[in-house]
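All remarks here apply to the structure that follows.
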Amino acid sequence: MADSDTSQQRRLERRRLFKHTAAAAAGVGFAVSRASAEQAITAGATNGNINQSVAFWCFNAAGDKWSAEKTCQVAKQLGCRSVELIGPEHWDLLKKYGLVCALSPNGMPTAPFIKAFNNPRYHDQVVTLTKKAIDDSSEAGFPSVIAFTGYLYRDTDNPNLGSMSREEAADHCVEGLKRVVGHAEKKGVNVCLEHLNTRDNTHPMKGHPGYHGDNLDEVAEIIRRVDSPNLKLLFDIYHVQVMHGDIQRRLDENKDIIGHVHTAGCPGRGELDDTQEVQYAPIMHKLLDIGYVGYVGQEFIPTRDPLASLRQAVKTCDV
Ligand SMILES: O=C(O)C(=O)CO
């Protein structure tokens, strides 16, 4: 074989090799970019120190209006362990996805925070329905049922009749809650009383002007007066930030009674992004420091792509 033939053959060989290598590299490149796309979809809670939960109403009522099944799929994909504030009619679905309902609704028709424990007018109804929610949760193996103080109006259907004093309303709350805690103790389920803000009047779910339990110390006082290991505080970081701030100190002060935690960006109850004022990662560390082992429910109203927003929130809280 002549020299020139040999060198031409080598050139051809190199070109073929180069083509293969380039194709292989392109293939790897594709594989890598597909892997990172998949990682982007699935990445969420990977540390798992914080038990994360997704509040159904936020993603069902806003954004793409996710169905129960879609919410379960996303929660699972993002590494959350619960979809909460979702009725028992969906609990088989949750179980299919290996999820729990970390916080059960109390079964009150319409906005459940208006007619509640601070008003004897509503005691029979709220006590009956809360006991039923305790039974359902206990049977399903779920840990907690939500509770509210209620509004201060003597008759929430007729605010013109005037309002109760805060002291009177607190006394009624204690009486009403005492009617359910024995049952909660027996069934091994917690009742979590929520503090809400009354300052944001821009949207029915960003604030609740008229709500009685807007002072965290007063809500904690009601819980301590009832004095049951199964009555806990629902510490909603967004609502506490709107009313008071000083979140880490308040977590410390109430560490013995916190039963559930909620998040949202403040102000506006939107994403946990860097346009809002709460530093969620240090707060999650604080929860671990005080020995909190319950759930943290993502309870913000998405204003953009809800999946991207939820993934961001889950990652932020995954300390
Ligand atoms: O946080 C709220 O505003 C609710 O009413 C439910 O948790």
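Taking only pairs six or more apart or across chains, which ones have beta-carbon atoms under 7 Å, a first residue in the range 284-303 that is within 14 Å of GLY265 (Cβ to Cβ), and a second residue that is at pLDDT 95 or above and of a type in the set (Phe, Trp, Tyr)?
That search, which allows pairs on different chains as well, returns PRO302/PHE59.
Could you name every one of the strands (runs of 3 or more DSSP E) located completely within the range 209-317 that has at least 1 residues being touching a Pro at 6+ places or on another chain (Cβ under 9 Å) and either buried (at least 19 other Cβ atoms within 10 Å of the Cβ) or modelled with pLDDT of 95 or more (or both)?
On the way: elements: 231-236, 258-263, 295-298.
Fully inside the range 209-317 and qualifying: 258-263, 295-298.
Which residues, taken from the range 182-203, are part of a helix (DSSP H, G or I) and either crowded, with 19+ Cβ neighbours inside 10 Å or within 16 Å of the ligand (Cβ to nearest atom) (or both)? Before you say what the answer is, go through the steps one by one.
Restricting attention to the range 182-203, the residues satisfying the condition of being part of a helix (DSSP H, G or I) are 182-187.
The one that is part of a helix (DSSP H, G or I) and either crowded, with 19+ Cβ neighbours inside 10 Å or within 16 Å of the ligand (Cβ to nearest atom) (or both): ALA184.
Can you find a residue in the range 114-121 that is more than 16 Å from the ligand (Cβ to nearest atom), surrounded by fewer than 20 Cβ atoms within 10 Å (Cβ to Cβ) and either touching a residue at least 12 places away in the same chain (Cβ under 8 Å) or part of a loop (DSSP other than H, G, I, E, B) (or both)? Break it down into steps so the answer makes sense when it comes.
Residues of the range 114-121 more than 16 Å from the ligand (Cβ to nearest atom): 119-121.
Still in the list and also surrounded by fewer than 20 Cβ atoms within 10 Å (Cβ to Cβ): 120-121.
Those still in the list that are either touching a residue at least 12 places away in the same chain (Cβ under 8 Å) or part of a loop (DSSP other than H, G, I, E, B) (or both) too: 120-121.
So far as the range 114-121 goes, yes, one or more of its residues are more than 16 Å from the ligand (Cβ to nearest atom), surrounded by fewer than 20 Cβ atoms within 10 Å (Cβ to Cβ) and either touching a residue at least 12 places away in the same chain (Cβ under 8 Å) or part of a loop (DSSP other than H, G, I, E, B) (or both).
In the range 46-73, what count of residues is obtained for those that are surrounded by 21 or more Cβ atoms within 10 Å (Cβ to Cβ), of a type in the set (A, V, I, L, M) and touching a helix residue (DSSP H, G or I) at 6+ places or on another chain (Cβ under 6 Å)? Please lay out each step first, then the result.
If we filter the range 46-73 for residues that are surrounded by 21 or more Cβ atoms within 10 Å (Cβ to Cβ), which is where we start, we get 50, 52-56, 58-59, 66, 71-72.
Restricting the remaining residues to those that are of a type in the set (A, V, I, L, M) gives 50, 54-55.
Restricting the remaining residues to those that are touching a helix residue (DSSP H, G or I) at 6+ places or on another chain (Cβ under 6 Å) gives 50, 54.
Adding up the residues that qualify gives 2.
For the range 234-264, what are the residues that are under 24 Å from VAL100 (Cβ atoms), more than 12 Å from the ligand (Cβ to nearest atom) and touching a helix residue (DSSP H, G or I) at 6+ places or on another chain (Cβ under 6 Å)? Even if it seems obvious, please write down each step before you answer.
Step one: list which residues in the range 234-264 are under 24 Å from VAL100 (Cβ atoms), which gives 234-239, 251, 254-264.
Pick out the ones that are also more than 12 Å from the ligand (Cβ to nearest atom) and you get 251, 254-259.
Once the filter is applied, which keeps residues that are under 24 Å from VAL100 (Cβ atoms), more than 12 Å from the ligand (Cβ to nearest atom) and touching a helix residue (DSSP H, G or I) at 6+ places or on another chain (Cβ under 6 Å), the range 234-264 yields LEU251, ASN254, ILE257.
Within the range 270-301, count every residue that is within 15 Å of the ligand (Cβ to nearest atom) and of a type in the set (Asp, Glu).
Result for the range 270-301: 1.
Mind telling me which of the residues PRO267, PRO229 ends up being more than 16 Å from the ligand (Cβ to nearest atom) and of a type outside the set (Gly, Ala, Ser)?
Details: PRO267 fails: more than 16 Å from the ligand (Cβ to nearest atom).
Checking each option against the conditions leaves just PRO229.
When you go through (1) more than 17 Å from HIS262 (Cα to Cα); (2) within 14 Å of the ligand (Cβ to nearest atom); (3) touching a residue at least 60 places away in the same chain (Cβ under 8 Å) one by one for THR130, which number turns out not to apply?
THR130 satisfies every listed condition except (2).
The values are calculated or read from the model by the stated rules, or taken from the named source; none is laboratory data. None of the values given here were measured: they were computed from a predicted structure. Counting neighbours? That spans all protein chains shown, and the Cβs are built from the backbone with ideal geometry, glycine included.
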